[in-house]
Amino acid sequence: MLGERKKRLWMTSGAIAAWFLTAFVLCSGTRAGVFQGNAGQSPQASQQSTSGIDDTKYFDDSLPLVDREPYDELKLDDYNNNVVIQIIPLKDPPVMPLPENGYLQFEAPDLNENVLQVPYENIVSYRTFIQLLIDEANQLIQSENYASAYRNLLYVYDHGGKGNPAIERSIQNCLYQDGRLNYLAGNYELAISIFEEVYARDPNFIGQGFNKKPIDVILDSIDLNIKKKFESGQYDKVTATLNQIQDLYGKESLRLIDRWNGILLKHSNELIAEAKKLMAQNKGKEAHLKARQANRVLANRDEALQIYEEVVDRFPIVFVGVTNDSTGADPLRLDLWGGRRVGRLTMRSVVEFAGMSDDGGHYEFLNGKLVQADEDGLAYRFTIEPSDPARGIPEITALDLASKMVAMGTYEMPDYRTAFAKVIDTIEIEDDRNVLIKLRRQFVQPEALVQFRYDNPFDGQPPVQNGKYVMTSKNDQIAVFGRNPSYSPLADQQHPEIVEWMFKNPSDAVDAIVGGEVDLIDRVPLAELPRLQGNASVQVDSYVVPTVHMLIPNIRNDFTKNKNFRNGLLRGINRELILEEMICGGNDIDGCEVISGPFPRGTQENDQLAYGYNTKVRPEVFNHKLGMVLVQTVQQTMIDALVAEGAKNPVIKRPTLVLCHTRDDIPKIACAAIKRMWEELGLKVKLRELGPGQTVPPDDDWDFLYYEMSMQEPLTDVAKLFGEDGLVNDLSAPVQQSMRRLGYADSWQAAGLTLRRMHRQIRNDVTILPLWQLKEHYAIRDNLREVGRNAVHLYQNVDFWKITPRQKKAVKK
């Protein structure tokens, strides 16, 4: 009977009230149980059974004791099943031994004004929260969990234990022993931090197991920690540590400081000697690395600065830290960061994107001029000017120029481009210097349609290196570029050799530029941006064109074909979390934001690119429950359709989604997070990493592709995503109509309106799953000059780069 009542009260009144509203039954004599009543009221006899009554735990025992709401603890005798009761702490708790007569009055959580009583004779023990913490601390000390024991004791110290010698000594001992364990485990930085607190409390304290004063352990830990930093090449941290301990520990640290200064000096001398030897052997790159390292070992050392100056004068080399491989080099690849970077250095395009203007992109015809040839905007003329051998620009004849454009407009040719063919009507060779193209209709930006390489990318031959630099060697980590001899040296310019140093971990590239091992980083990891922006020796700038990131679906089954399924997947991705925490590292970065469509939103510094972005279309808000419902609804709808056709007990299994991504860091991080989020929707997901230089799978074995693109001219670059030449061919009729209208865009107003309408249509159809836009940055050491600001691409001003010896830094006294 009592068990039923107890259960019913538990369900209706919560986990707190149940036990206390049940009277304990006496097994013999006059012993009584806990009962509810007002102060001074006598307990009422009860003849009910107490079997099945459990300990009461009203406080969250999933948390460590020290993190819970404080409570006191009663333990009753065997007449009351030896139950333990957690109660609201009393202002004046009883002191053991307890009185033989009378009642203890107390309150329990969630019982409002109800006061409870229990006879003292039924209480076996009463422990306050402080006593509970001390008892647990003693147990933790026995198990050598000193860090947790310290937390308990510190709470006790802050709540009345200050001045208690036993508590203070226990705290010291916990700190000492915790530091000892971290020291023995090789966690020297943590050990130093712990022993510094011991030192601050009592410099002469000696705990068991070490028999050393705190200062001795601190200096031993510092010594071993310095050794680890020295062996890993973190010389700046070694120097910073030595300077710091002299300020902190004075004379006691001098022996350690002198010894390590001697080690640094010896190592610096060895590196200088190696650099000289390598110079004598004409090994410029190797000599650079040794001279740079010598400067890092002892900054501001005259001998190290001198050898570096000699190396720079004789072997001008710029080391560029990169995180994206250069496989697939092509200056026109908008979806391959590393390939486009190296392509712009080693190859030229007949018409090149040179930056942004108030009217879209600005383009240059390298061999002369491209101008409007009539008043109606229906004819444009290429005029080939006499070549200047000193410029090194590849030569092109009127016939070659016309032939390339004819191939772009011929459907049977491999370099056919749909957008070009729809706009260009005729191509006419006027003479050996002029080619006239006529348009079918007015088009706002015809220059963007005639970007093509001098060589033939479809002839099966290696790309022709006709850029300002040529690649001379390459391995898994290093790619070396030298000045193209076809380009005459410019007066008073250095034209340094360029060494691209591949870092698999982007943070390692940041360490390298901070330490002076590289002079330039081509793509700064956004999570590390504040670190570089706060470094006086490094300048950070942003590229003109941001990257847009999206998931492209492969419509190969009934699930990915269903827009509600795709919408459920989009709703199930917490894009803000991935962008802000995993990609940007918690930093608020202008130009990095979640987007609702495929076009760039622009940045505060450069909003010319935003003409295609529809700001009225808001990004969908993350909603895990809605995403799950949409996915389940699609599956159930398919089952219902089969039932309507007469199928009995049909079963439709969800496919295992194959999510493809490139080898780069951001796609890997993002796709790993997306996989977890989709699995929380009840889906199975398999990640597939593409090979070097690949941005699109070579087969049909995929469902979604993580795709990033530097969309420098949305009006024309949209054709690389959607339509006959694009990745996405399964388009709704409204999107197809918008694509056709873009070919008739005769003004920027009309182009922007069509793109913004298309943006909304793509969102409604969930044609793609838009993710985010990233504002990309590059970083430059102060010894590399004339790189330029707000670059279109990294090597835009490479003709004027100048690597200089490092200047001696002023030392603060």
How many residues does the range 462-482 contain that are charged (D, E, K, R) and crowded, with 19+ Cβ neighbours inside 10 Å? 1
F443 - would you say it is assigned to a loop (DSSP other than H, G, I, E, B) and open to solvent by less than 20 Å² (accessible area, probe 1.4 Å)? yes
I'd like to know if the range 139-148 contains one or more residues that are open to solvent by less than 50 Å² (accessible area, probe 1.4 Å) and either out of contact with any helix residue (DSSP H, G or I) (no Cβ under 7 Å at 6 or more places or on another chain) or acidic (D, E) (or both). no
Within the range 424-438, can you find the residues that are of a type outside the set (K, R), outside any loop (DSSP other than H, G, I, E, B) and out of contact with any helix residue (DSSP H, G or I) (no Cβ under 6 Å at 6 or more places or on another chain)? I424, D425, T426, E428, N434, L436, I437
Which of (1) more than 30 Å from L490 (Cα to Cα); (2) touching a residue at least 12 places away in the same chain (Cβ under 8 Å); (3) touching a helix residue (DSSP H, G or I) at 6+ places or on another chain (Cβ under 7 Å); (4) open to solvent by less than 70 Å² (accessible area, probe 1.4 Å) does G726 not meet, given it meets every other one? (2)
On the given criteria, is Q796 surrounded by 16 or more Cβ atoms within 10 Å (Cβ to Cβ) and either modelled with pLDDT under 90 or under 29 Å from L532 (Cα atoms) (or both)? yes
Quick one: how many residues across the range 181-213 are under 14 Å from A147 (Cβ atoms) and among the acidic types (D, E)? 1
From the options L715, L705, L657, L731, residue that is assigned to a helix (DSSP H, G or I), farther than 22 Å from K504 by Cβ, among the hydrophobic types (A, V, I, L, M, F, W, C) and in contact with a strand residue (DSSP E or B) (Cβ under 7 Å, 6 or more places away or on another chain): L715
Is it fair to say G339 is part of a helix (DSSP H, G or I) and either surrounded by 22 or more Cβ atoms within 10 Å (Cβ to Cβ) or small (G, A, S) (or both)? yes
Residues (free of Cβ contacts under 8 Å to residues at least 24 places away in the same chain and part of a helix (DSSP H, G or I)) located in the range 199-241: Y199, A200, D216, K227, K229, E231, K237, A240, T241
In this structure, is G377 farther than 27 Å from T346 by Cβ and of a type in the set (G, A, S)? yes
Residue under question is L742, and the condition is that it be closer than 27 Å to Y363 by Cβ and surrounded by fewer than 19 Cβ atoms within 10 Å (Cβ to Cβ); does it hold? no
Filter result (of a type outside the set (A, V, I, L, M), farther than 17 Å from D202 by Cα and open to solvent by 50 Å² or more (accessible area, probe 1.4 Å)) within the range 156-186: D158, H159, G160
Please work out which residue is farthest from G361 (Cα to Cα), limiting yourself to the range 604-628 and to residues that are outside any loop (DSSP other than H, G, I, E, B) and open to solvent by less than 50 Å² (accessible area, probe 1.4 Å). G627
Which numbered condition in (1) open to solvent by 20 Å² or more (accessible area, probe 1.4 Å); (2) at pLDDT 95 or above; (3) among the polar types (S, T, N, Q) is the only one that S596 fails? (1)
Answer yes if at least one residue in the range 361-376 is within 45 Å of the chain's Cα centre (by Cα), among the small types (G, A, S), at negative phi and surrounded by fewer than 14 Cβ atoms within 10 Å (Cβ to Cβ), and no otherwise. no
Restricted to the range 379-422, and to residues that are of a type in the set (S, T, Y) and in a helix (DSSP H, G or I), which residue is surrounded by the most Cβ atoms within 10 Å (Cβ to Cβ)? T418
Do you know which of the residues in the range 405-426 that are β-branched (V, I, T) and either over 19 Å from D455 (Cβ atoms) or in contact with a Ser or Thr (Cβ under 8 Å, 6 or more places away or on another chain) (or both) is modelled with the lowest pLDDT? T418
With respect to L181, is the statement that it is in contact with a strand residue (DSSP E or B) (Cβ under 7 Å, 6 or more places away or on another chain) and assigned to a helix (DSSP H, G or I) true? no
So which residues in the range 342-378 are farther than 30 Å from N505 by Cβ and either touching a His at 6+ places or on another chain (Cβ under 7 Å) or in a helix (DSSP H, G or I) (or both), if there are any at all? A354, G355, M356
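Please verify whether A191 is of a type in the set (A, V, I, L, M, F, W, C), surrounded by fewer than 16 Cβ atoms within 10 Å (Cβ to Cβ) and assigned to a helix (DSSP H, G or I), treating the condition exactly as stated.
No, not satisfied.
Answer yes or no as to whether V643 is at pLDDT below 95, among the β-branched types (V, I, T), part of a helix (DSSP H, G or I) and open to solvent by 30 Å² or more (accessible area, probe 1.4 Å).
yes
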Against the conditions (1) more than 19 Å from the chain's Cα centre (by Cα); (2) within 30 Å of D359 (Cα to Cα), where does Q632 fall short? Just the number, please. (2)
Filtered residues of the range 94-142 (kept if within 50 Å of the chain's Cα centre (by Cα), within 30 Å of R169 (Cα to Cα) and not in a helix (DSSP H, G or I)): R127, T128
Limited to the range 449-458, what total is found for residues that are in contact with a strand residue (DSSP E or B) (Cβ under 6 Å, 6 or more places away or on another chain) and within 25 Å of T754 (Cα to Cα)? 2
Looking only at the range 514-539, how many residues end up being open to solvent by less than 10 Å² (accessible area, probe 1.4 Å), part of a loop (DSSP other than H, G, I, E, B) and in contact with a Phe, Trp or Tyr (Cβ under 9 Å, 6 or more places away or on another chain)? 4
Test each condition in (1) part of a helix (DSSP H, G or I); (2) more than 30 Å from F205 (Cβ to Cβ) for K91 and report the one that comes out false. (1)
Single residue of A719, A751 found to be in contact (Cβ under 8 Å) with a residue 60 or more places away in the chain, under 20 Å from V423 (Cβ atoms) and buried (at least 22 other Cβ atoms within 10 Å of the Cβ): A751
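Among what's in the range 125-138 and is open to solvent by 40 Å² or more (accessible area, probe 1.4 Å) and touching a residue at least 12 places away in the same chain (Cβ under 8 Å), pick the residue that is nearest to P97 (Cα to Cα).
Top of the filtered list is R127.
The values are calculated or read from the model by the stated rules, or taken from the named source; none is laboratory data. The model shown is predicted, which means the values in this text are computed figures rather than measured ones. Note: ideal-geometry Cβ built from the backbone for every residue, glycine included; neighbour counts use all protein chains shown. When the accessible area is computed, the model is the full protein with side chains, heavy atoms only, and any ligands, DNA or RNA have been set aside. Shrake-Rupley method; radii C 1.70, N 1.55, O 1.52, S 1.80 Å.
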